[in-house]
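Shown next, in structure tokens, is the structure this report addresses.
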Amino acid sequence: IFDFAQQDFTYQNRNYRLYIAVPKTEHSNTPSPILYMMDGNGQFPMLINQVDSVNANSAIVVGIGYPNHEAYPKERTRDYTTPSQDNSQGGGAEAFYNFIVTEVKPYIESHYNIDTTHQTLCGHSFAGLFTLYVMLHHTTDFQHYVSASPSLWWDKGAVVPNSRPLFAHKPTSITITLGEYEENPQDDPARKNLSPKLIAQKDARVGGISARELHAIIANEVDNSKFIIYKGENHGSSIRPFLKDAWSEASRK
């Protein structure tokens, strides 16, 4: 049901790979909505494997990843995060955003028939943080945003501006998702399998603003905003349902 392609880029001496899936439909002359997603290495196949049918309203999927075989390469920390005094591994979000708008989007729009009024950006964890970064600081580059389990603990939530309103130009839709056990980690049955060191590491990731609190602020400004809790899911297991919802959001209703 998809035609697949790959395209490699080098940007500022950094190597990237696009994973592209184009729905096979009878109406190929109709501009297609588009879903840009991060973590293309690990999550592009996860999303594609959940799609069982396509039509003229289905989104083209562009997974932005790296030319290696790791599902979650270490470069993602650099690319998806803002500068932080607490962590020297990050801070490249603005450069990565520039790569997307100056290289990725022009390439895709020159090679495929894109509906530029229906563009969605999505990501999970650090990529969810990056989705929020673009949404809050470069709002008009996409119309729809799906931020899953965003790492708002990074730099104590500094990605969220202090000024209100958050948006000079409101996105068409905003969705924030979270696994139930991310809000209530002590209820997660899988927690007993984690080492004390890993539990301490996870518990230290606090500060700033919660995803629920951020959504409450957004909901006051953007009519089409959703906050989705995935029952019985934790940070890792919430990826699959988030991808299904992102695909649905990106495809025209």
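Odds and ends about this structure:
- Remark: the range 118-253 carries a charge dipole of roughly 180 debye about the Cα centre, counting +1 on each Lys and Arg Cβ and -1 on each Asp and Glu Cβ.
- The share of accessible area on the chain that comes from carbon and sulfur is 47 percent, using a 1.4 angstrom probe.
- Equivalent ellipsoid semi-axes - Cα gyration tensor, the range 23-68, angstrom: 22, 12, 7
- Lys, Arg +1 and Asp, Glu -1 on Cβ, resulting dipole of the chain about Cα centre, debye, nearest 20: 300 debye
- Set of lysines with alpha-carbon distance to LYS105 below 27 Å, sequence-local pairs under 8 removed: LYS24, LYS74, LYS170, LYS226, LYS244, LYS253
- Over the chain: helical MRE at 222 nm, DSSP H runs n ≥ 4 each giving -39500 (n - 2.57), nearest 500: -8000 deg cm²/dmol
- Net charge of neighbours whose Cβ lies under 12 Å from the Cβ of LEU18, counting Lys and Arg as +1 and Asp and Glu as -1: 0
- Ellipsoid semi-axes in whole angstrom, largest first, where each is sqrt(5λ) of the Cα gyration tensor of the range 100-248: 28, 18, 14
- If you sort the three axes of the alpha carbon gyration tensor as a ≥ b ≥ c, you get a/c of 1.5 or more for the range 178-217 and a/b no higher than b/c, which makes it oblate.
- Lys/Arg +1, Asp/Glu -1 at C-beta; the range 1-153 dipole; positive extreme among HIS137, THR30, ALA5: HIS137
- Intensity falloff of the chain expressed as log10 I(q)/I(0), Debye formula with alpha-carbon point scatterers, at q = 0.07, 0.11, 0.12, 0.17 Å⁻¹: -0.22, -0.57, -0.68, -1.40
- Applying both filters, DSSP loop and at most 13 other Cβ atoms within 10 Å, to the trypsin sites (Lys or Arg not before Pro) of the range 1-72 gives LYS24.
- 5 Å-binned pair-distance histogram of the range 37-106 (Cα, whole percent): 3, 14, 20, 21, 18, 12, 7, 3, 1, 0
- Placing +1 on the Cβ of every Lys and Arg and -1 on the Cβ of every Asp and Glu, with nothing else charged, gives the range 176-250 a dipole about its Cα centre of roughly 400 debye.
The values are calculated or read from the model by the stated rules, or taken from the named source; none is laboratory data. The structure displayed is predicted, hence computed values, not measured ones. No Cβ is skipped: glycine too gets one built from the backbone with ideal geometry, and neighbour counts run over all protein chains shown. These accessible areas exclude ligands, DNA and RNA; they are computed on the full protein's heavy atoms, side chains included. Shrake-Rupley method; radii C 1.70, N 1.55, O 1.52, S 1.80 Å.
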